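A.B. asks: Dropping a structure here in structure tokens format, bear with me for questions.
The values are calculated or read from the model by the stated rules, or taken from the named source; none is laboratory data. Keep in mind it's a predicted model, so treat the numbers as computed, not measured. All Cβ positions, even for glycine, are placed from backbone atoms using ideal geometry, and neighbour counts span all protein chains on display.
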Amino acid sequence: VDRRRIVRLLAARSCCFKADLIAAVRRHEVFGNLPTVLLTSSASPGDQKRCEELGIAARLLKPAKQSLLLDNIMRVMAGKSRARATAGPEAATTAATETPANGAPLRVLLAEDNPVNVKFALKILERAGHTVTHALNGKLAVDLWSAQPFDVVLMDIQMPEMDGLDATRAIRALEKGRDRHTHTPIIAMTANAMTGDREMCIDAGMDGYVAKPVKKELLFAEVGRVLGDGVKGGARGAVV
Amino acid sequence: VAQLFDESELMERVDNDLEFLADTVQMLETDGRALMLELKTAVASGDAPAVGRTAHALKGMVSNFCSPAVQTLALEVEKAGKAGDEAGAAAASEKLEPGLEALVVELAAFVRSRS
């Protein structure tokens, strides 16, 4: 059996999250360890954990770019269990492939609705080795924050359904309700240039502020500042 | 004729990744034009808050392409929308539309010239 053909077959047939199909494949005596790449049209909180449980080596949002798909298949076939994923129109998790040489990788929640802004932010963060989970709006960001831990949140202000200010207030309220004290640093990302915007963000419970277009040096400096520590790509002196 | 965007700054911003730039220019072409259409609809219907929001989104998107001129045009629409100035928003959006189109055309041509 040509294992690579099997991988292609599974990827093509997984038009949605087919956990039962993959679980059945896993139980098969021949295909139990079959490298699997999942192509999916949507993502939601908990998908990453389910993928890990099912031994899915990479998860890509459709439409996946040909080069990205090939890259992931090559990585998976080379035996690397974690692979790159791409940003899509809905929430998605990307796992960095590079082991950071300097500084710990961060779990970053990126709340941003504009696809171009998402693409630029992912490029900056992934290159620095950070793991990024993307939320398309404030409500999704709150849901994702509730479902898994993050080191820092990068929050757009103007988003559909729930804006970044309300999402921040919701997260801060949820933090207060938890048994143990937690505080996830939240940094505003905004194209606003109006007087008082920074104060408005801080009043909502945010810890920092970067202006759009997001520039990597300024972003990592601000992330380092709110974490009170250097971070990969920024204050520890690493170059993105 | 001066370029609408700063070529060297843009290439530095994308780490000289032409494929990435081509992808994002394509996104600007589709999503930026869609936002412009949304903006024109908001202007025509006199929905000043929607004008402000949409112009703000366009401004953020355009800002990635190192074009302060077009970014400023979007800012003017945003300011007018947020101030409830319908006539000002209409006038500013009439300048923004050709500016955005010209930027898209210039960026696409730049990508082609480098490919």
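A.B. asks: Going by the structure shown, is B:Leu18 hydrophobic (A, V, I, L, M, F, W, C) and either surrounded by fewer than 15 Cβ atoms within 10 Å (Cβ to Cβ) or over 17 Å from the mean Cα position of the chain (by Cα) (or both)?
C.D. replies: Criteria met by B:Leu18.
A.B. asks: Going through region B:36-56 one residue at a time, which ones are aliphatic (A, V, I, L, M) and surrounded by fewer than 24 Cβ atoms within 10 Å (Cβ to Cβ)?
C.D. replies: The answer is B:Met36, B:Leu37, B:Ala42, B:Ala44, B:Ala48, B:Ala50.
A.B. asks: Which of the residues that make up region B:31-69 are of a type in the set (Asp, Glu) and at the interface with chain A (Cβ under 9 Å from one of its Cβ atoms)?
C.D. replies: Residue satisfying the conditions is B:Asp31 alone.
A.B. asks: If you scan region A:121-158, which residues turn out to be under 16 Å from A:Ala173 (Cα atoms) and of a type in the set (Gly, Ala, Ser)?
C.D. replies: Matches in region A:121-158: A:Gly138, A:Ala141, A:Ser146, A:Ala147.
A.B. asks: With A:Glu175, A:Glu199 as the choices, which residue is in contact with a Ser or Thr (Cβ under 6 Å, 6 or more places away or on another chain), outside any loop (DSSP other than H, G, I, E, B) and not basic (Lys, Arg)?
C.D. replies: A:Glu175
A.B. asks: Next question. Within region A:139-159, track down each residue that is more than 14 Å from chain B (Cβ to nearest Cβ) and touching an Asp or Glu at 6+ places or on another chain (Cβ under 6 Å).
C.D. replies: Residue satisfying the conditions is A:Lys139 alone.
A.B. asks: Check region B:12-30 and report whether any residue there is more than 11 Å from chain A (Cβ to nearest Cβ) and of a type in the set (Val, Ile, Thr).
C.D. replies: no
Residues are listed down the side, and each one gets a yes or a no for (1) farther than 21 Å from A:Val118 by Cα; (2) modelled with pLDDT under 90:
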{"position": "A:Thr168", "(1), (2)": "no, no"}
{"position": "A:Glu175", "(1), (2)": "yes, no"}
{"position": "A:Asn192", "(1), (2)": "no, yes"}
{"position": "A:Gly208", "(1), (2)": "no, no"}
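A.B. asks: So in region A:148-170, with the set limited to residues that are acidic (Asp, Glu) and under 18 Å from the mean Cα position of the chain (by Cα), which one is nearest to A:Phe220 (Cα to Cα)?
C.D. replies: A:Asp151
A.B. asks: Next up: Is one or more of the residues making up region A:105-127 at negative phi, away from every other protein chain (no Cβ under 14 Å) and over 10 Å from the mean Cα position of the chain (by Cα)?
C.D. replies: yes
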